[in-house]
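The values are calculated or read from the model by the stated rules, or taken from the named source; none is laboratory data. Predicted model, so just to flag it, every value in this text is computed and none were measured. Cβ: placed from backbone, ideal geometry, glycine included. Neighbour counts: every protein chain shown. What goes into the accessible areas is simple: the full protein's heavy atoms, side chains included, and nothing from ligands, DNA or RNA. Shrake-Rupley method; radii C 1.70, N 1.55, O 1.52, S 1.80 Å.
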Amino acid sequence: MSAGGGSKAVVAALAANLGIAVAKFVAFAFTRSSSMLAEGVHSLADSGNQVLLLVGGKRAQRDATPEHPFGYGRERYIYGFLVSIVLFSVGGMFAIYEGYEKIAHPHELKSWYWAVGVLVFSIVLEGFSFRTAIKESNLHRGRLTWPQFVRRAKSPELPIVLLEDFGALIGLFLALIGVSLAVATGDGVWDGIGTLCIGILLVLIAIVLALETRSLLLGEAADVDTVRAIEAAIVDGPDVERLIHMRTLHLGPEELLVAAKIAVDHDDTAVDVARAIDAAEARIRKAVPIARVIYLEPDIYRADEADRGPDPDATPGGKDRHASTG
């Protein structure tokens, strides 16, 4: 998933949410509707979230330094996680608080037509933003279902905008229902119930975003198709007998680390081995351009050792032991 596609969706969402936020606060000033206030804060929080995503994307483009030799690609994950925190606290918890207050102390809505008009206007703008996010996501989604796309995407921007826009649209309809029932019955409690439902919805979306970005921050491997492409590229030449084992790690959405142990002929000279590694690296980069950091370790294939795979105790978090030499 390219940063360009994600940025286009983020900018569209930012423009829509800024316009919507202004309209909602104007409607709140006339109606004193808690649903409108919660929705206004929600749109303001979403606008801040989109700014965070744009800042994260910009900072992630910095060159590697001696202190950060693998670059800053994961900044996009960090800012994505911050988005989930803002959505949970500013959007969700505020709406829950406002909903509770309105249910405990209901009052009649004033100038309700302002609220209805602004909500309809907001649905149109939010629908435009959601349509843009869907269009950009379809360029990268392939055969994945929408839940699979959100779960497996390595770039955080499009899944975040998709979930935010989806939640915003549902929230707008909940607000419209709450306001309509409050007007029809003359009971402001319905406005508070609508606000409470909006808050619960935002909290649930924030939790999903937090779990997904947490997984990216911890470090995810390449997807199955990418792993297969790398494996095929490694052995696609006479210089490598076979792949013994391999690990991949996303350093950022478009930056992949590849570490593999490859089998070479036991009669190869050091020059032959060096050429084999160089050729295999070139094939990997051609097959998977995002493979930016590649470490290939030559070895002599031994079936009994290879069957053990990489030593699990040699990984971060494991025991302080040397990896298997198989």
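Whole-percent P(r), the stretch 1-74, all Cα pairs, 5 Å bins from 0: 3, 16, 18, 15, 12, 10, 9, 6, 4, 3, 1, 0. Taking 0.36 nm per residue of separation and subtracting the Cα-Cα distance, full extension of the segment from Met93 to Arg214 would add 41.5 nm. Here are labelled values, (i) 1.15; (ii) 1.03; (iii) 1.06, and one is the computed Rg/Rh (Cα atoms, Kirkwood Rh) for what I pasted. Which one? The value matching this structure is (i). Taking every alpha-carbon pair under 8 Å whose residues sit at least 6 apart, the stretch 1-115 reaches a relative contact order of 32 percent.
Rounded to 0.05, the FRET efficiency of the Ala279 and Val227 pair, given R0 = 22 Å and the Cβ-Cβ distance, is 0.65. The label-point distance for Lys58 and Val293, in a model that sets each label 7 Å from Cα toward Cβ, rounds to 2.6 nm.
Using Cα pairs under 8 angstrom and six or more residues apart, how large is the relative contact order of the stretch 159-314, in percent? Result for the stretch 159-314 is 18 percent. For the stretch 142-206 versus the stretch 209-275, the inter-centroid distance based on Cα atoms is 40 Å.
Hydrophobic long helices, here whole DSSP H runs in the chain with Kyte-Doolittle means of at least -0.5 and Cα atoms spread over 27 Å or more along the helix axis, are found at 3-31, 34-59, 112-141, 157-185, 189-218.
Using a cut-off of 26 Å between Cα atoms, the listed pairs Lys24/Lys58; Lys24/Lys102; Lys24/Lys154 include Lys24/Lys58; Lys24/Lys154 as exceeding that distance. Sorting 18-25, 266-273, 172-179, 193-200 by their mean Cβ neighbour count within 10 Å, with the most densely packed peptide first, gives 193-200, 172-179, 18-25, 266-273.
Peptides 29-39, 71-81 ordered by packing proxy, namely the average of other Cβ atoms within 10 Å per residue, highest first: 29-39, 71-81. Using a probe of 1.4 Å, the accessible surface attributed to Ile85 totals some 80 Å² when neighbouring protein chains are kept in position.
Averaging sequence separations of C-alpha pairs under 8 Å and six or more residues apart, then dividing by the length of the chain, give the relative contact order as a whole percent. Present the calculation step by step, with values, prior to reporting the outcome.
Working: 532 pairs, mean separation 61.8, N = 326.
The value is 19 percent.
Extension gain, Val11 to Arg247, is 81.4 nm, computed as 0.36 nm per intervening residue step minus the present C-alpha separation. Among Arg59, Arg242, Arg275, the residue with the largest mean-square fluctuation in a Gaussian network model of the chain, with springs joining Cα atoms closer than 10 Å, is Arg275.
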